[in-house]
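All remarks here apply to the structure that follows.
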Amino acid sequence: MSDKSGQATLHDEVEGSSAPLLEHLTELRSRLIWSVLALAGAAILCFLAAEQIYNVLLAPLVRVAEIERGDTNFRLIYTGPMEVFFAQLKLSLFAGIFLAFPIIAWQIYSFVAPGLYKNERHAFLPFLIAAPVLFVIGGLFVYFIMLPLIANFALSFEQVGGNGIATIESQIRVSEYLSLVMALMLAFGISFQLPVIVSLLGKADLISSDTLKKGRKYALVGILAFAAFFTPPDVISQVVLTVPVMILFEISIWCVVLMERGRAREDAERENAE
């Protein structure tokens, strides 16, 4: 009799543990579906305006061509019959991620939030807001600062022919320019997440401000290596990336210091209350 009751209890425990798991999986599927639908809808909208978006991304290159060499009819080329179409598809997906990111981030937060305490939810929300804002700032930094520098660097190799000198003229492919812009925006957007990542590590007490201060020189070397890989091979472009990221690193240290002070103050109040 006791064996039967023990088996029944074990069966009930297994059933009870499987039910919440199925509920979580069902909710995860629902969140994923909404995220995919948001991304698909945003990508379709961006595809309808792909030509206009691409012209906006081309504007820094066109402005430099007009200023540097007075070319009011700057041209890009494509060498494959479907190159422009696939470039527009890639651009639509890339821009769609930007457009749908708030919905995707909210779906992630809505899935994770029930497992967090109230104070943890309040602590997590600022990072959820700061991440897309910093990513957009990184993209704008690329558009207004990096792309004009790269355009100047790329067009500086042109030369006018004549008297035994060959003409060197840029013929930039549509897909190559788009790939460069997306890679730079992604690289800068990720690098501008440094305060969010470091602050989260500090919030979880996985890293201290003293460790960050001692690691400044290693951070500088890492940022320089990152800049050398993702920017054109000229010192100006590398400095333009290194300086803001180092400033963000210093801001990250300041954020962790504030968190440590707040944690120490809470511990002191708790000790006084006891």
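Which of the residues belonging to the range 135-180 are within 21 Å of Val235 (Cβ to Cβ), touching a helix residue (DSSP H, G or I) at 6+ places or on another chain (Cβ under 9 Å) and of a type in the set (Phe, Trp, Tyr)?
Residues satisfying the conditions are Phe141, Phe144, Phe153.
Just to be sure before I move on: is Phe229 under 20 Å from Phe188 (Cα atoms), crowded, with 18+ Cβ neighbours inside 10 Å and either at pLDDT 90 or above or of a type outside the set (Gly, Ala, Ser) (or both) in the structure I sent?
no
Check whether at least one residue in the range 206-222 is in contact (Cβ under 8 Å) with a residue 60 or more places away in the chain, among the aliphatic types (A, V, I, L, M) and in a helix (DSSP H, G or I), and report yes or no.
Within the range 206-222, none of the residues are in contact (Cβ under 8 Å) with a residue 60 or more places away in the chain, among the aliphatic types (A, V, I, L, M) and in a helix (DSSP H, G or I).
What are the residues in the range 232-274 that are in contact (Cβ under 8 Å) with a residue 12 or more places away in the chain, surrounded by fewer than 15 Cβ atoms within 10 Å (Cβ to Cβ) and either closer than 13 Å to Leu194 by Cα or touching a Leu at 6+ places or on another chain (Cβ under 7 Å) (or both), if any?
Across the range 232-274, the qualifying residues are Ile236, Ile251.
With respect to Ser199, determine if the residue is among the hydroxyl-bearing types (Ser, Thr, Tyr) and modelled with pLDDT under 90.
Answer is yes for this residue.
Can you give me the number of residues within the range 232-256 that are over 18 Å from Leu186 (Cα atoms) and not in a helix (DSSP H, G or I)?
Residues that pass the stated criteria total 2.
From the list Leu28, Leu37, Leu22, Leu32, exactly one residue is farther than 26 Å from Ala100 by Cα, of a type outside the set (Asp, Glu), in a helix (DSSP H, G or I) and modelled with pLDDT of 80 or more. Which is it?
Leu22
The values are calculated or read from the model by the stated rules, or taken from the named source; none is laboratory data. As the structure is a computational prediction, the values presented were derived from the model and not from experiment. Glycine also receives a Cβ, built like all others from the backbone with ideal geometry; neighbour counts cover every protein chain displayed.
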